[in-house]
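First comes the structure, then the notes that go with it.
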Amino acid sequence: MKKLILALAIVFSAGMLTAQTIPNVQLKDASGKTVNTADLVGKGKPVIISFWATWCSPCKRELNNYTEYYEDWQDEFGVELIAVSVDDQRTANRVAPYINSVEWPYTILLDPNRDFGRAMQVNNVPHTFLVDAEGNVVWQNNNYSDGDEEEMYEQLSKL
Amino acid sequence: MKTLRFLITTLMLAPLAVLGQFGGQNSDPGSVTGNVSLIWQSYAEDSLIGAQVPPEQSALNAWANLIYTKGNFSAGVRYEAYQNALLGYPGRFKGQGIAYRFARYRTDQYDVTIGNFYDQLGSGLIFRSYEERYLGVDNAMDGLRVVFRPINGIQLKGIYGRQRLDFDSRLINGEGVVRAADAEVNFNQFKEDWASKKLQVTLGGSFVSRFQTGSQIEKDTLVLEVPENVAAYAGRANIYYGNWNLYAEYVRKINDPNADNDYIYREGEGIFANLSYSKPGFGFNLNGKMVDNMSFRSDRDLLLFDAPINFIPAITKVHTYNLAATLYPYATVIDGETGFNVEVFKKFKRKDLPEGATGFGASMKRFYNAIVGKYGTNVTVNFAAANNIDTTGFSGVEGAVQGYRRNSLGFGDEKFVRDLNVEISRKFSKNFKAKYTFYYLEFNTNTTPVTVDFKGIVYANMHVLELNNRLAKHHSLRTELQTLFTEQDKGDWGTVLFEYSYSPHWFVSVMDQYNFGNEDPDARVHYLFGTIGYINGPHRLAVGYGKRREGIFCVGGVCRAVPASNGFEITFTSSF
């Protein structure tokens, strides 16, 4: 047990030297195309990665509310939002009809067995990450309350 | 234990080795990410709601994941602790220790994992290993997985190992060995200019086999050999054409006498098909499935949550509001069921109208615009139905061995569920939104035993009104008013919930669930529960106190029964 704690402590301290980056996982987008998650970030522009599900009310509230600000955020910061659905096979088929009916302008990825979520240390949804132009996670929020978009705007402004 | 020592050594040495090179330029020490979750609950007795107190008076579930990544290499562990497990959590979670460990090397072409992993083939009808920690569901694989992509568009996968069954201060795997092979071809990846074609086609095929030593079973006067190797195979197609998408999967399993099917030798079969169409403002989804004797586990003698190799999703929508989600949640009847689900999504938008327009058409448009509002109105209609499969039972020896014959793909005569729900949401102003949902439910509590108070079909109507008010900058209030009316089971229910948020860090919520329509006046109880929460980025702490009804607790469509409780609950989650 002592060994384990020591190992964890060393790993932890070594790891803290670098920021969290985006792991590479192969996912499909809502139109069936294969996407490498690492290719989405580090392209000189900030990226918001938001984990959600069709059965998660606060997630949908968050992404629906963001649609009001998204155009402005894109103009001002060049940010792109990637909404990663963690719906499993029971509800994954609802993702495309739902996002189209509410007209989300985001890139949608499907993570049915949470490979990407697990690699990103997502415990539960909603969990939203802000990734800077170099691909480092600079802010995250494991919640959504009405008004969190103001916090998001402040964080985007800091980049 | 050997693997564990190896892993700890690896984990220790990897960053140390890198630290040693720190003098050099461009040295990448790799990164460590992780998360921690804990749930602590105290128990007080309450005879009115049937809340029990375990001898230890409080319970704690906790776990932490740690992943070290350097370039293409990653390795990780999960430590779990149950001191003791929360009431209602499955009995297979005891003690503390390392429950999950892996090492993985992946490039775009190769992906090799040794140790534990989760994976899914196709829709999961033939193979899915996954976790839902908050429910105590975990059938992680323990073994080897190799993924190979020889050229763009082709993916081959091989899986070999055992599944997590139990945890008792150490990981205990199930008896059977699970072996799987899968091939998937995505034609549009073959050529660069095919990637943006209107027609996208992906085909796949899987083979899964379980080995478990077996002996003979006795049935009536018969002595039968059990098959030690049980094979299943599946084929799938996923086709996109413009706004259309068709997904279909067929699975077949050879004879597999097991505890779920009462040890009959009949082959299993399953069909799952989904057709959807969507365009801006509109979506349509039709889903059908038939599963016959498709329970597939890595141990033929186990039941319920234990060691399932495959996953058969329930046909109904996953409901999110408290009463709809926890009183009568539907789960697949594993022996066999036929069902379908149809759903339509529509956004009604304001129509343009020239100023000062007159006439009947113009006044109709004005009327329509007044109803849908400035921001438009979203409507979703969903209907699901499932019955048993259409079969004729055999008798005598044939009955003992083969069980029954299936006559068609259609419905049998026993109703499992009917679920109609209509959701209307409208934004009234920048600061006020409302959503109304109506549900009509027919629910068979014999085949989905979610209650002990009533056996038969529950007929229920539900109404839910959710209001979102933005009070001021950072301040918002969310209100839910819910009712459920039924003549059966525990009678009528009402739920009121207020959630006040001070963005981005704080929330307070109070919920009262009231069984006002219970025939027994003593059982007309209020279940009052309050929560206060603090969120700071990836860290989240919530403290709750109050009474919880016994019922079904679901996360993302998977449910477990939880007993009534009365006391404090503290939950903490964090990731870095």
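Working only within region B:80-100, note down all residues that are within 11 Å of chain A (Cβ to nearest Cβ) and within 23 Å of the chain's Cα centre (by Cα).
Taking region B:80-100 as the starting set, the residues that turn out to be within 11 Å of chain A (Cβ to nearest Cβ) are B:96-98, B:100.
Within region B:80-100, just B:100 meets the criteria.
Look at (1) at pLDDT 95 or above; (2) part of a helix (DSSP H, G or I); (3) among the hydrophobic types (A, V, I, L, M, F, W, C) and you find that residue B:77 fails only one, number (2).
Identify all residues within region A:49-81 that are more than 14 Å from chain B (Cβ to nearest Cβ) and not aromatic (Phe, Trp, Tyr); write none if there are none. Selection gives A:71, A:72, A:74, A:75, A:76, A:78, A:79, A:80, A:81.
Once region B:184-216 is narrowed to residues that are more than 14 Å from chain A (Cβ to nearest Cβ) and surrounded by fewer than 15 Cβ atoms within 10 Å (Cβ to Cβ), the residue that is nearest to residue B:252 (Cα to Cα) is B:213. Can you tell me which residue in region A:130-145 is nearest to the chain's Cα centre (by Cα), limited to those that are assigned to a loop (DSSP other than H, G, I, E, B) and within 10 Å of another protein chain (Cβ to nearest Cβ)? The qualifying residue nearest to the chain's Cα centre (by Cα) is A:142. In a residue-by-residue description of region B:159-174, the property of being more than 14 Å from chain A (Cβ to nearest Cβ), farther than 26 Å from residue B:88 by Cβ and of a type outside the set (D, E, K, R) applies to at least one position. Say whether the condition of being surrounded by fewer than 19 Cβ atoms within 10 Å (Cβ to Cβ), modelled with pLDDT under 90 and either more than 7 Å from chain B (Cβ to nearest Cβ) or touching a Gly at 6+ places or on another chain (Cβ under 8 Å) (or both) is met by at least one residue in region A:99-114. No, because not a single residue in region A:99-114 is surrounded by fewer than 19 Cβ atoms within 10 Å (Cβ to Cβ), modelled with pLDDT under 90 and either more than 7 Å from chain B (Cβ to nearest Cβ) or touching a Gly at 6+ places or on another chain (Cβ under 8 Å) (or both). Sub-7 Å Cβ pairs linking a first residue in region B:69-96 that is at positive phi to a second residue that is crowded, with 19+ Cβ neighbours inside 10 Å and not small (Gly, Ala, Ser), at least 6 apart or interchain, are B:95/B:82, ordered by first then second residue.
Quick test for you: out of A:124, A:93, pick the one residue that is polar (S, T, N, Q), within 14 Å of chain B (Cβ to nearest Cβ), buried (at least 18 other Cβ atoms within 10 Å of the Cβ) and part of a helix (DSSP H, G or I).
On the way: A:124 fails: part of a helix (DSSP H, G or I).
Result: A:93 is the single residue among A:124, A:93 that is polar (S, T, N, Q), within 14 Å of chain B (Cβ to nearest Cβ), buried (at least 18 other Cβ atoms within 10 Å of the Cβ) and part of a helix (DSSP H, G or I).
Let's see how each residue does on (1) facing chain A (nearest Cβ under 10 Å); (2) touching a residue at least 60 places away in the same chain (Cβ under 8 Å):
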| site | (1), (2) |
| --- | --- |
| B:229 | no, no |
| B:281 | yes, yes |
| B:287 | yes, no |
| B:290 | no, yes |
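Residues that are within 30 Å of residue B:176 (Cβ to Cβ) and out of contact with any Asp or Glu (no Cβ under 8 Å at 6 or more places or on another chain) number at least 2 in the following strands (runs of 3 or more DSSP E) confined to region B:256-367: B:336-348. It is to be established whether one or more residues within region A:50-69 are buried (at least 20 other Cβ atoms within 10 Å of the Cβ), β-branched (Val, Ile, Thr) and at pLDDT 90 or above. The answer is yes; a qualifying residue exists. Of the residues that sit in region B:263-298 and are among the charged types (D, E, K, R) and surrounded by fewer than 18 Cβ atoms within 10 Å (Cβ to Cβ), which one is nearest to residue B:215 (Cα to Cα)? Among those residues, the one meeting the criterion is B:267.
Residue-by-condition table, conditions (1) assigned to a strand (DSSP E or B); (2) in contact with a Leu (Cβ under 9 Å, 6 or more places away or on another chain); (3) buried (at least 19 other Cβ atoms within 10 Å of the Cβ):
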| site | (1), (2), (3) |
| --- | --- |
| B:500 | yes, yes, no |
| B:509 | yes, yes, no |
| B:519 | no, no, no |
| B:527 | yes, no, yes |
| B:531 | yes, no, no |
| B:547 | yes, yes, yes |
| B:572 | yes, yes, no |
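In region A:146-159 there is at least one residue that is crowded, with 22+ Cβ neighbours inside 10 Å, at the interface with another protein chain (Cβ under 10 Å from one of its Cβ atoms) and touching a strand residue (DSSP E or B) at 6+ places or on another chain (Cβ under 6 Å).
The values are calculated or read from the model by the stated rules, or taken from the named source; none is laboratory data. This is a predicted model, so every value here is computed, not measured. Heads up, the Cβs are rebuilt from the backbone with ideal geometry, glycines too, and the neighbour counts pull from every protein chain shown.
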